[in-house]
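To start, the structure itself, in C-alpha cells.
What follows draws every value from the coordinates through simple rules; no lab data is involved. Computed from a predicted structure; not experimentally measured. A quick note on method: Cβ atoms are made from the backbone with ideal geometry, for glycine too, and the neighbour counts reach across all protein chains shown.
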Amino acid sequence: MSWTRRLLTALAVCVLLLTGSAGCGSGSAQGNGRNGDSPSPVGKVLDDTDKQGRHYREVDKKRAPDVGIEVQPAEDDNGWNIRLTLRRFRFSPAGTEGEAVAGRGVARLFVNGHPVAALRTPEYRLSARYVPHGTRHLTARLYADDGTVWAVDGEPVESTADITASGPAPTGTSGDALSAPGTPVRTEGRASPDRGGKAS
C-alpha cells in the first residue's frame, strides 16, 4: 500500500511541476517579448476580409493601433509626399517573423482600392502616375505581420485622403492641386472622416 501512496504522491508532484512550469513559461513569454511586446497572437481573427482576402484581426479599441495620413504635393511637382501619423503602432523591420504582435506590422497604401505599396516607414513618395488627373482616394491600412488586418468594431484600422490633380497633367508632372495649392490634406482615425471623401 505504501508503494501505491508513494507513486501517487510522485505523480501529483510531477503534475504540479509541469503545470507550474507551463504557467510560468506562458507568463514570461507574454511579458518578456522583444521591446516589451507580446510574442503571442493578439485579438480575434474574424471571418471578414479585405478585398485582397486578408482576414480582419479584431482588437479592443483602447489598445488598437491608429493611423492618420497627410499628403502634400512634391516640391518638384512630380507626385506627392505621403506621411503617416501612427499611435500605438510600430513598423516591423523586413524579415520579421510572420506572427501577430500587438501594435506591430506594416502599412499598405491603396489608390482607389488598388494596392500601391507596403510601408515599413511613415514616409512615402507617391508617383504622379497614380493620379494622372481627377480625384483619387488614397488609403493607408494597418496590417499585422501575419498578414491580418488590424480592426476595431469589425472595421479595418485605416485612414483615407483624397488627392486631386486638376486637368490632364503634362508628361512628367502631377497636375496642380491637392484640394488647395500648398495645403496638406490630413485625416485621422480608423476610416475616412467623411464617406464623401472630405478630409479633416
Q | In order through the range 101-112: 3J(HN,Hα) via Karplus (6.51 cos²θ - 1.76 cosθ + 1.60), integer Hz, x for Gly, Pro | A | 10, 3, x, 10, x, 10, 10, 10, 9, 10, 10, 6
Q | Length released on extending from residue 166 to residue 62, taking residue separation times 0.36 nm less the Cα-Cα span | A | 33.4 nm
**Q.** the range 71-153: equivalent-ellipsoid semi-axes (sqrt of 5 x gyration tensor eigenvalues, Cα, Å)
**A.** 26, 13, 11
Q: Go ahead and collect, in residue order, the members of the range 81-95 whose backbone nitrogen is under 13 Å from a label point 7 Å along the Cα-Cβ direction of residue 118.
A: 92-95
Q: Kindly provide the trypsin sites (Lys or Arg not before Pro) of the range 89-120 that DSSP labels as loop, not H, G, I, E or B, and whose Cβ sees at most 15 other Cβ atoms within 10 Å.
A: 120
**Q.** Highest average packing first - 69-76, 110-117, 140-147, Cβ atoms within 10 Å
**A.** 140-147, 69-76, 110-117
Q | Distance-filtered residues of the range 62-84 - backbone nitrogen under 18 Å, label point 7 angstrom along residue 90 Cα→Cβ | A | 63-67
